[in-house]
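So the structure is just underneath, and the comments pick up after that.
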Amino acid sequence: MLKASKSISIEDLNQFSDPIDDETHVPEKKRRIPGRMRWYVCAIVTGLMTLVQANVHVYNFTVLCMQEEQAKMINESLSRNETITSSLNFNFTKFEQDLLFSAAYIAPLPSIIILYFLTNRSGVKTTLMLCSVMSFLSTVLTPIATYYGFWYFWAARFFQGLPTAILGIVVSVVTCHWSTLSENGTYVSILAAHYQIAPLLTMPLSALMCSVGGWSSVYYTQGTITAILIILFAIFYTDKPSDSKYVSRGELKAIEDGKSLEEKHVEKSKTPFVAIHKDSAVWAIWITSVGGTIGFSIFLQYGPTYLNKVLHYNLSTTGWTAAIPYIFSCIARIVAQPLSANCSFLGERLAAIVSTSISQGTMAIAFLVLMLIPQSWSSVGQLCYSLVIVANGLNGVGITRSAQLVCKQHMSFVYTARAFYNGSVGLFLPLLVNWVAPNDTHSEWTRLFLIIFCIVFVTNLIFIIFSRAEAAPWTIGTAEVDDRSEHDIEDQKSIDTTTTVEKF
């Protein structure tokens, strides 16, 4: 046994340990990382999640096309004194429309926990493939389902919504596996941007296809794009970068550099369910996220209806008018995430509070203006609508950063629970709209905006009071290396080397 281990230099011990590559002494941000496969994977996964989410939103616009097409068909038949033989009826009652809106949001609620454990057991690739195929089939079969009646249509909507339960899990797990530590903020912001990109794709596409091929062509077009992305995902994605033949050694080393065992196998970590649900900072994340989701979803689900019924935009204008703000929303999310992560002069907690307050404060102001303006000020209404959508791009930035810092390796579960609570908004919101604005009049929507203003304001206040930026006690036990300095890493190497000599 070697006793005087402290007096021996590192150079003397090199014979007992593997040589350390000089490149490891260069900070990752200053090194050029070889290979781009991780970014191709990011693009493919983001694209597939976008289509899964977009397939849910397609009804939000096509319901207007369906009703307009049926009205034209009836008018043409009456003008020619022909008997109307079609059994289709798209003039749904307000209650039936609410059922169709909420159908896609009911499905994720019971399935999200099942998919969480299925992902832990089978991996992201298998689970997301199954969910994507379900989304594809339910989308392309929707036009057929409508011919069989309302409840078949409702079932198609239900199975369109079910796959969205996995998307929050995918964002966190894929980021942990495929992103380098220095690129983590940008990577997660791109993956999470699928929520903004989905309506950006669906609304103008629906406006175009409705005028060219009818409402059913929208479903077939999005189904085709979904199928293409499923094939690309099956070919290029692997649950671990080390299993991919397209990842170079240098890129794999950069991806795995500095990650703990739990980070590399994040879906296998034991989750302290009770401790998480007792943490006020986690509840602040969830509650604020729900408040922002309510503010965003009122226009995500009912934006086309509001623009068409209340502000009186025609259908072709509605599609593009509803979609344009999502471009700036995507840009805001992708740019703001890394900026927030690097605002060291503010401190992590204050940076998260500022970005969240800017987002939800802008939403609250927009809803306040919408309450006060007369119906004739449609251009101001359109501006406020746009501000709410763009502000939502910033909404997840502070919340996501706070979740990363507080929850560490358990962010996957916190994101899953967040998706569950956010999903309940889609179930609750149609009931609220049907109760407050059953006739889609300007005065009814004014009352609705007042309620949403109060919700957004209060939930943001909760985040300001209870948010934290320190790792929660229930994360201790994992060496979270992104908080360690280079000096800490060198100390650990010295300890490991000394231990090796003593054993020798």
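The values are calculated or read from the model by the stated rules, or taken from the named source; none is laboratory data. Being a predicted model, the structure only gives us computed values, none of them experimental. Neighbour counts are summed over all protein chains in view; Cβ atoms, including those assigned to glycine, are modelled from backbone coordinates with ideal geometry. The protein model used for the area step is the full one, side chains on, heavy atoms only, and it has no ligands, DNA or RNA in it. Shrake-Rupley method; radii C 1.70, N 1.55, O 1.52, S 1.80 Å.
Taking all protein chains together and a 1.4 Å probe, the residues S357, S211 rank S211, S357 from largest to smallest accessible area. Entry comment: accessible area of the range 137-202 is 29 Å² per residue, from protein heavy atoms only and a probe of 1.4 Å. The portion of the accessible surface of the range 275-473 made up by carbon and sulfur, rounded to a whole percent, is 73 (1.4 Å probe; DNA, RNA and ligands excluded). Shown are K125, K278, whose ranking by accessible area with a 1.4 Å probe and every protein chain present, most to least, is K278, K125.
Measuring between alpha carbons in the structure, the pairs from K94/K125; K125/K270; K240/K270; K253/K278; K94/K278; K125/K278 lying more than 28 angstrom apart are K94/K125; K253/K278; K94/K278; K125/K278.
Computed log10 I(q)/I(0) for the range 106-229 at 0.12, 0.19 Å⁻¹: -0.53, -1.14, from the Debye equation with unit scatterers placed on every C-alpha and solvent omitted. For the peptides 428-438, 126-136, the ranking by mean Cβ contacts within 10 Å, running from highest to lowest, is 126-136, 428-438. Between A227 and I451, the FRET efficiency from the beta-carbon distance, with R0 = 45 Å, is close to 0.65. Taking the alpha carbon gyration tensor of the range 275-473, multiplying each eigenvalue by 5 and rooting it gives semi-axes of 31, 18, 14 Å, largest first. If the chain linking W435 and E68 were pulled fully straight, counting 0.36 nm for each residue of separation and taking away their Cα-Cα distance, it would gain 129.6 nm.
Stokes-Einstein D for the range 352-407 at 10 °C, 1.306 mPa s, Kirkwood Rh over Cα pairs, in µm²/s? For the chosen part, D equals 132 µm²/s.
Solvent exposure of E183, expressed as accessible area, is near 30 Å², computed with a probe of 1.4 Å over the protein chains only.
The candidates D98, D243, D440, arranged from most to least accessible area with a 1.4 Å probe in the full protein assembly, appear as D243, D440, D98. Note that the range 275-473 presents 37 Å² accessible area per residue, ligands and nucleic acids not counted, probe 1.4 Å.
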